[in-house]
Structure formats: C-alpha cells, structure tokens
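> Here it is, the structure, as structure tokens.
The values are calculated or read from the model by the stated rules, or taken from the named source; none is laboratory data. Please read these numbers as outputs of a predicted model, since none were measured by experiment. FYI the Cβ positions are ideal-geometry reconstructions off the backbone, even for glycines, and counts take in every protein chain you see.
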Amino acid sequence: MTLDVSDEVFLIDALSMQVISANKSVAEHFVCDVDKLDIYDLKTLLGIDQSVLIEYLNNHRQTANLFTIGKKVGEQNYIYQDDRLKVLLVRINQQDYLIATKSSWATKKAMLQALDESESRFHAIVSNTPSLVFQFRFDEDGHIVFIFLSEACKALLGLMPEVLKKVPAMFSEMMLPEDRTSFEESITLSASELTVLNWEGRIWIDEWQDTKWINLRSSPRILNDGAIQWEGIMTNITQSKNEKHEIEQSRQRLAELSAHMEQIKEQERQRIGREIHDDLGGNLTAIKIGLSSIVKRIKPDQTELLEKAKQLEGIVDNTFEAAHRISGDLRPNILELGIVAAIEWQTKEFEKQIGVTSVFTSNQQELSVTQDQAITLFRICQEALFNIAKHAKAKLVKVALTADEREITLEVVDDGIGIEPSDMLKANSYGLRGMSERLTLLNGSFNIQRAAKSGTRIVVKLPCETVH
C-alpha cells in the first residue's frame, strides 16, 4: 500500500509485527526503498517499542470491536495515539493489520522552522523594546516566579534577568512599603476577575541609590494546569511622573498666587470702600449741610437761585446713594449680618435693580463660616447674578443656600437662554475662571451647566471641614 500524503503511513502485519508497506513520505524520511524498511525496528520507524504496541493491541482486542473497511473511524478504533502517532487496528479478509500514521519529518521540520522563525521575531521585537518584557506566575507557596525576563531588566531594575529569575522575591523587596500593598491588591483583583493588571509604584534601585516610578501592565491567562500566568511589560515612568509633579507644583504655586491676588484685591476693595464711605461720604455730608444753610438764607423771592440750590441738593443726595452703593459693592458690610442674610439681600437688590423676579431660599437661618468662605460665596453669587443680567435674558432667578453636615451648597438657576459649552472654554471667560479659582483655593467645587429645561444652573460646594 503506497499513499502519496505528507504524513508517514505504515501498513503492519498485526501478527508478525512486520511492515508490509509504507507510503512515499516514509521512503523520503529514511532515504531507502519501502521494501528495504525491514532493516529498521518499530522503535526506529514509529518511535514506540514493539512490546508496548503489542500490549496496547491485546488490550484493545479485549475492550473494543475491530475497525472494518468502509466504516467511519472513531476515537475508540485507535489502539494507540499521541501528538505524533496514531495506530488503527483493521481486519481485511480475516487478517488483522495495523495502520500507523505518523507526522512526517518534513512536517515536523517545517513546524520547527516556523517555531524558530517565530522565536526569532519575538526576540527581535523584545530586544528593541525599551520596556521590560516579562512572564510570571505564582508557585505553590503563592510567591512570584518569573518565567521570562527580557534583557531590559538590567536597565530598568538594575538586575540581570538570571539574577531576578533565581531570586524573584527581590522584585517585591524593591518596592517601597507604601506601594507594595497596592501591588498585592492589584494582582489579587487581576487573578480573581482575570482583568488586566495595571499598577504604578515606586521601586528602590540599590545599585544606583535611586527611586524609580514604574508602570507594570500585563494580562492574565489560565494555563492547562489551571495556574494563572501574567504576560506584559514594565515601563520606567519616572520622567512623566516628575513632569506631572512639576505641573502640579506649578498649579499649586499659581493657585497660591491667585489666592494672594484675590486677597490683595479684596483688601483694596475694602480700602477704597472705606475711603468712599468715610472721606467722600464725609465731604458730601458737609456739602449737604452747607447747601441747607445756604438755602435757608436765600430770600423767597429769589426763585431762580432757590431752584438752583434745590437741584444741587438733589445731585448731592444722588451722589450719596451712588457712593453708598459703590461702597457696599466694594466692601459688603451686609456680611456682618451673616452669609444667609447677605445672599438674601443680594438677591433682593438684584430684583430691585434689574427687574427680574428673584427668589431666595435657605434651610438655615444662620451659617457660621470663615471670612474667606463668606467673601467667596458672596462674590460668586454677585458674579453669577451679573452674568444673568448681562447675558441670560431671564425672567426668573432662583438662589438657594443650603448646608448639611458635610458641605455648604450655593445654587443659582435662571430660565434664560442658557450657556453654551463653547462659552465655558473661551479664553476671556474671566468671570467663570475666577469663580472656579476661588472655590479651588478653599477645596470647594464649581459646576456650571445648562438647566434641565432652559437657562443655566450654577452649583457651588464648600466642605464643612473648613467651617468654624
């Protein structure tokens, strides 16, 4: 029997265990004619001892029916099979034969070549990857065991791959104690849910006497033995962490500068407000008293002069009101009555001056807040109402000041045309930016968005931890 297939096929007499025939692949593998194969034993030809094959044959005859030509081959018909060899017992004309099919040497060689090429590509990719490529799993005691470590191990961890493979516990020991716990929690979660392990932490490189930030990212998979193995990369993220830290420090310094500028601006407002109230107010009072004295001395028949004087008195009175209003805006004395009363007054003044129906509500009669908090809430409400008057075209404004055990909330809602997302991103949105900066300085939050139906909703929150 000669079959022209890539696998090696043998026809063997089941009684004498002699090879009767074989296909072309067998002849090519052993470099001889098929009729010369009797110089080789079954171990050489099939890779299995003759005695072992006979034992499988005898066991099969006792437990299964013979396979006959014309029937479909099932797993029960094979007397022996492994990843390279399958042996089938058949009966032809009352004679038992074995048909052995073995993966050909050419196929195996091609597979080995493909595997070698795949490994070469893998090593080429890994060697040109700046990150440390790794594989690890847990041993029976629950300790990490590294299966593979690329050459980048030395550059990243200061250890040769073979050293870390030999003593894998060194990796955990390199982690800073405060970061080691988060690594253990992350890997436990990854193992239980088979999710990607993504951990950032600091390690101490003893050889360089330096601390590095690393990012370890890997995917778990379950092996045939049920164990979980992680495969991924470790990357040095020290530079990006340092840059992020510098940016955060820069922002902190900017926030501190902004806080200082806001404090100076508030102090300047108060100084100008006091001068307007004291100096300008005093001078206006003196002018009014002088005018009243002059008016009393004007004769009744001097009607033109008397009218002029009355006009001047009216101008002085209007100037008094303007000075009082400007002084109040610059230095809100109303805050001395408490933040609840101040916001309520501000809401009523807005309705009186702008003519827009305004409603104030609060779940507190009084709130004990710091001076910075009071000024911040007052100024933010002032800015919000100013924006409504300028842009919203609203007919109704609702202002609510509430508080619970955790935080103070100021909410300003109007039914106007609403704010567009693009308006929040404009470079000249100083009012909005100022609101946000004021809250940031006090660990508060600021949110502005379109209201549910129409208009704009501003929500300001301050933590009660800073309330005295």
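> Looking at the structure I just gave you, is Ile214 surrounded by 13 or more Cβ atoms within 10 Å (Cβ to Cβ) and within 30 Å of Ser127 (Cβ to Cβ)?
Answer is yes for this residue.
> Please pick out the residue among Asp83, Asp38 that is modelled with pLDDT under 90, loosely packed, with under 13 Cβ neighbours inside 10 Å and part of a helix (DSSP H, G or I).
None of the others qualify; the one that does is Asp38.
> Moving on to the next point. How about region 54-70: which of its residues are at pLDDT below 55 and loosely packed, with under 11 Cβ neighbours inside 10 Å?
Once the filter is applied, which keeps residues that are at pLDDT below 55 and loosely packed, with under 11 Cβ neighbours inside 10 Å, region 54-70 yields Thr68, Ile69, Gly70.
> Can Glu275 be described as within 30 Å of Leu132 (Cα to Cα) and not assigned by the TED database to the domain that holds Gln373?
So Glu275 fails the test.
> Taking into account only those residues within region 144-173 that are among the β-branched types (Val, Ile, Thr) and not in a helix (DSSP H, G or I), which is nearest to the chain's Cα centre (by Cα)?
Here the answer is Ile144.
> State which residue pairs qualify: first residue more than 11 Å from Ala309 (Cβ to Cβ) and free of Cβ contacts under 8 Å to residues at least 40 places away in the same chain and inside region 282-294, second residue part of a helix (DSSP H, G or I) and of a type in the set (Gly, Ala, Ser) in any location, beta carbons under 8 Å apart, and separation of 6 or more residues or different chains.
From residues that are more than 11 Å from Ala309 (Cβ to Cβ) and free of Cβ contacts under 8 Å to residues at least 40 places away in the same chain, the pairs are Leu284/Ala323.
> Say whether the condition of being outside any loop (DSSP other than H, G, I, E, B) and farther than 29 Å from Asp279 by Cβ is met by at least one residue in region 318-334. Don't jump to the end; show me each part of the working.
Here is the first cut: in region 318-334, the ones outside any loop (DSSP other than H, G, I, E, B) are 318-330, 333-334.
After this cut, where a residue has to be farther than 29 Å from Asp279 by Cβ as well, the list is none.
Checked region 318-334: no residue is outside any loop (DSSP other than H, G, I, E, B) and farther than 29 Å from Asp279 by Cβ.
> State yes or no: is Thr235 crowded, with 18+ Cβ neighbours inside 10 Å and either under 18 Å from the mean Cα position of the chain (by Cα) or part of a loop (DSSP other than H, G, I, E, B) (or both)?
So Thr235 passes the test.
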